[in-house]
Amino acid sequence: MTLENALAGVHDHLRDALPPETFAVLEADRRRAGATEFAEVGAKIEDFTLPGADGVPVSLGQLLADGPAVLVFYRGQWCPYCNLTLRTYQRELWPELGKLGAALAAVSPQRPDGSRPELEFPVLSDVGSTVARRLGLSYPVSTVVREAMEALGTDLEAVNGTWELVHPAVVVVGRDRVIRFADVHPDFVTRTEPAQILEAVKSL
C-alpha cells in the first residue's frame with residue numbers, strides 16, 4: 001500500500017468519525033490555495049539549532065555532518081495524517097537513508113514536552129515556526145478553522161504557543177546547505193512518498 005492510499009483511509013475514517021459541520025470546515029481548509037512563495041531548489045538554508053522532543057538541541061550542521069539531510073516538516077503529534085506519515089518514514093525511509101549516509105529529522109511548531117514519539121530519528125521543535133517561516137511554510141490558522149479545532153479539543157496556542165501551522169513538506173539539503181529537493185503540500189492530507197525522497201537523495 002502506498003502512503004497516499006493509507007492517508008486516504010485515515011481521511012475516510014475521519015469523515016465518518018467527525019461531526020459533519022466540523023469535517024466540512026477542515027475539508028475546505030485543505031483545499032485552500034495556500035502560500036505561493038515556498039523555498040526553491042537551489043536556495044541556501046541558514047544553519048539552525050532546535051530542541052528535540054527530549055529537550056536536547058540539534059543543529060542543521062550536526063544533521064549534515066556525514067551527508068545530506070532530509071527535513072520533514074509536519075503539523076504536530078495531534079495530526080493523524082502526520083503520525084501515519086512519520087511512522088511510514090520510520091519503517092520505509094529511515095533505514096534506507098542510513099545506507100546512503102543521509103540524516104532524517106522531523107520538524108514541527110510543537111513545544112518540546114519531554115516526551116518522545118516512537119521514532120528513531122530526531123524530532124525537533126521549531127517553536128514560533130522560525131525555520132518554517134524562512135522557507136515559506138508557515139501560515140496563520142483562520143478563525144473558522146480555529147473554532148473547529150477548539151471544538152475537537154485541539155488548542156494550538158497551548159501546544160505550539162501560537163495559532164500558526166506549517167504546510168507539510170519534505171526538504172532535502174546538501175552538505176553545502178543548498179536545497180536539492182523540496183516538496184510542499186498545502187493539502188495536508190497528501191504527503192511525499194518515501195520512494196520520491198530516496199530518489200532525490202540518490203541523485204545527489
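The values are calculated or read from the model by the stated rules, or taken from the named source; none is laboratory data. Being a predicted model, the structure only gives us computed values, none of them experimental. Cβ sites come from the backbone with ideal geometry, for glycine too, and all protein chains shown count toward neighbours.
Does Ala28 qualify as being within 15 Å of the chain's Cα centre (by Cα) and of a type in the set (A, V, I, L, M)? It would help to see each step written out before you state the result.
Values: within 15 Å of the chain's Cα centre (by Cα): no; of a type in the set (A, V, I, L, M): yes.
No.
Do you know which of the residues in region 99-120 that are at pLDDT 95 or above and of a type outside the set (A, V, I, L, M) is surrounded by the fewest Cβ atoms within 10 Å (Cβ to Cβ)?
Lys99
Considering each of Val10, Val72 in turn, give the residue that is assigned to a strand (DSSP E or B) and at pLDDT 90 or above.
Only one candidate passes the filter, namely Val72.
Per-residue answers, yes or no, for (1) under 18 Å from Arg177 (Cα atoms); (2) surrounded by 13 or more Cβ atoms within 10 Å (Cβ to Cβ):
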position	(1), (2)
Asp29	no, yes
Glu40	yes, no
Val70	yes, yes
Phe73	yes, yes
Cys79	no, yes
Leu93	no, yes
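Does Asp29 fit the bill of being free of Cβ contacts under 8 Å to residues at least 12 places away in the same chain and assigned to a helix (DSSP H, G or I)?
On the way: free of Cβ contacts under 8 Å to residues at least 12 places away in the same chain: no; assigned to a helix (DSSP H, G or I): yes.
For Asp29, the condition - free of Cβ contacts under 8 Å to residues at least 12 places away in the same chain and assigned to a helix (DSSP H, G or I) - is not met.
For region 79-196, please list each of the strands (runs of 3 or more DSSP E) lying entirely inside it that holds at least 3 residues being among the polar types (S, T, N, Q).
It comes to none.
Give the residue, chosen from Glu92, Glu150, Glu120, that is out of contact with any His (no Cβ under 6 Å at 6 or more places or on another chain) and without any contact (Cβ under 8 Å) to a residue 24 or more places away in the chain.
After applying the criteria, what remains is Glu150.
For region 46-66, what are the residues that are under 23 Å from Phe181 (Cβ atoms), surrounded by 15 or more Cβ atoms within 10 Å (Cβ to Cβ) and touching a Leu at 6+ places or on another chain (Cβ under 7 Å)?
Residues satisfying the conditions are Phe48, Leu50, Val58.
All but one of (1) buried (at least 17 other Cβ atoms within 10 Å of the Cβ); (2) within 18 Å of the chain's Cα centre (by Cα); (3) among the hydrophobic types (A, V, I, L, M, F, W, C); (4) farther than 26 Å from Gly128 by Cβ hold for Ala6; state the number of the condition that does not hold.
It fails just one condition, (1).
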